[in-house]
Amino acid sequence: MRRGVMYFWKYPDDEAAEKPALAFMDLTNCVDKKIELAAVE
């Protein structure tokens with residue numbers, strides 16, 4: 001997570017290898033107080 005943005009890679013080593021993230025989520029735009037697990041797809 002960097003600057004309020006969470007990044008997602010398929011494999012943990014992909015981040016260390018500086019591969020581009022598959023997806024990201026800007027948490028600065030979250031307004032809900034409740035956090036739930038997301039499905040892995």
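Computed values, structure above
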read-out	value
Criterion violated by Leu27 - all others in (1) surrounded by fewer than 10 Cβ atoms within 10 Å (Cβ to Cβ); (2) on the phi < 0 side of the Ramachandran plot satisfied	(1)
Evaluation of Ala39 against (1) surrounded by fewer than 10 Cβ atoms within 10 Å (Cβ to Cβ); (2) of a type in the set (Gly, Ala, Ser); (3) in contact (Cβ under 8 Å) with a residue 24 or more places away in the chain (one fails), failing number	(3)
Given (1) surrounded by 12 or more Cβ atoms within 10 Å (Cβ to Cβ); (2) out of contact with any helix residue (DSSP H, G or I) (no Cβ under 8 Å at 6 or more places or on another chain), index of the condition Trp9 fails	(2)
Within the range 1-24, tally of residues that are assigned to a strand (DSSP E or B) and modelled with pLDDT of 90 or more	6
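The values are calculated or read from the model by the stated rules, or taken from the named source; none is laboratory data. It should be emphasised that the depicted structure is a prediction, and the values quoted were computed from it without experimental measurement. Ideal geometry is used to build each Cβ from the backbone, glycine not excepted, and the neighbour counts take in all protein chains shown.
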